[in-house]
1. Do the conditions hold for LYS63, that is, is it open to solvent by 90 Å² or more (accessible area, probe 1.4 Å) and more than 30 Å from GLY35 (Cα to Cα)?
2. Let me confirm something: among GLN96, GLN110, which residue is open to solvent by 60 Å² or more (accessible area, probe 1.4 Å) and more than 14 Å from the chain's Cα centre (by Cα)?
3. Looking only at residues in the stretch 148-166 that are in contact with a helix residue (DSSP H, G or I) (Cβ under 8 Å, 6 or more places away or on another chain) and free of Cβ contacts under 8 Å to residues at least 40 places away in the same chain, which one is least open to solvent (accessible area, probe 1.4 Å)?
4. Are any of the residues in the stretch 17-39 of a type in the set (D, E, K, R), in a helix (DSSP H, G or I), modelled with pLDDT of 95 or more and open to solvent by less than 80 Å² (accessible area, probe 1.4 Å)?
5. Can you find a residue in the stretch 139-147 that is hydrophobic (A, V, I, L, M, F, W, C), open to solvent by less than 60 Å² (accessible area, probe 1.4 Å) and over 22 Å from the mean Cα position of the chain (by Cα)?
6. For GLU46, only one of the following conditions fails: (1) closer than 30 Å to THR145 by Cβ; (2) part of a helix (DSSP H, G or I); (3) at pLDDT below 90. What is its number?
Amino acid sequence: MRRLVLVLVLCVSSVFVFSQKAVKLAHVDVQAIFGEMPEKAAATKEVEDYAKTLEDQMQVMYKEYESKMKEYSENKDNWSALIRQDKEEAIMSLQQRIQNFQQQAETDLQNREAALLEPITNKIKEAINTVASEQGFTYVYDKTTLLYTSPDATDITNDVKAKLGIKK
């Protein structure tokens with residue numbers, strides 16, 4: 001009985017092993033591809049221009065703040081308590097506006113960058129999927145996350161670049 005169970009287990013496991021499809025692995029250097037995408041330069045320029053616009057607005061607000069602080073420090077002893085309190089409130093309000101603007105500017109800049117870069121990353125992902133499908137790969141890993149790559153490992157970076165029309 002024990003022999004029969006052993007033979008049965010061996011038969012079932014061998015059928016299972018032979019029915020498994022061979023796993024094909026590859027890796028790709030997404031950062032290298034991303035760096036060579038023609039659309040990246042335009043997106044980067046647009047993000048930099050937007051950042052400059054935000055920076056210019058911050059400078060205007062800082063100059064206004066410095067002006068109010070200078071006026072306050074030069075005249076606080078000559079003002080009545082009511083005027084001094086009003087000026088202090090105006091300065092604190094401006095400080096809060098600057099802080100809010102700074103936080104919102106950072107968020108807006110990150111959102112703008114993400115919106116501009118998303119189509120590029122999607123295009124790269126589609127090219128990777130197409131190349132992997134055409135070449136029959138089961139898994140494709142990003143090269144930057146690999147701890148070890150064998151010399152005979154399959155790198156499809158150049159194939160993906162070709163699919164995207166990027167010259168090597």
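The values are calculated or read from the model by the stated rules, or taken from the named source; none is laboratory data. Model, not experiment: these values are computed from the prediction. Heads up, the Cβs are rebuilt from the backbone with ideal geometry, glycines too, and the neighbour counts pull from every protein chain shown. Ligands, DNA and RNA are excluded from the accessible area calculation, which covers all protein heavy atoms including side chains. Shrake-Rupley method; radii C 1.70, N 1.55, O 1.52, S 1.80 Å.
1. Working: open to solvent by 90 Å² or more (accessible area, probe 1.4 Å): yes; more than 30 Å from GLY35 (Cα to Cα): yes.
Yes: the conditions hold for LYS63.
2. GLN96
3. Checked the stretch 148-166; the qualifying residue least open to solvent (accessible area, probe 1.4 Å) is ASP159.
4. No, there is no match, as no residue in the stretch 17-39 is of a type in the set (D, E, K, R), in a helix (DSSP H, G or I), modelled with pLDDT of 95 or more and open to solvent by less than 80 Å² (accessible area, probe 1.4 Å).
5. Restricting attention to the stretch 139-147, the residues satisfying the condition of being hydrophobic (A, V, I, L, M, F, W, C) are 140, 146-147.
If we keep only those that are open to solvent by less than 60 Å² (accessible area, probe 1.4 Å) as well, we get 140, 146.
Filter once more, so that each one left must be over 22 Å from the mean Cα position of the chain (by Cα): none.
Taking every residue of the stretch 139-147 in turn, none turns out to be hydrophobic (A, V, I, L, M, F, W, C), open to solvent by less than 60 Å² (accessible area, probe 1.4 Å) and over 22 Å from the mean Cα position of the chain (by Cα).
6. The failed condition is (3).
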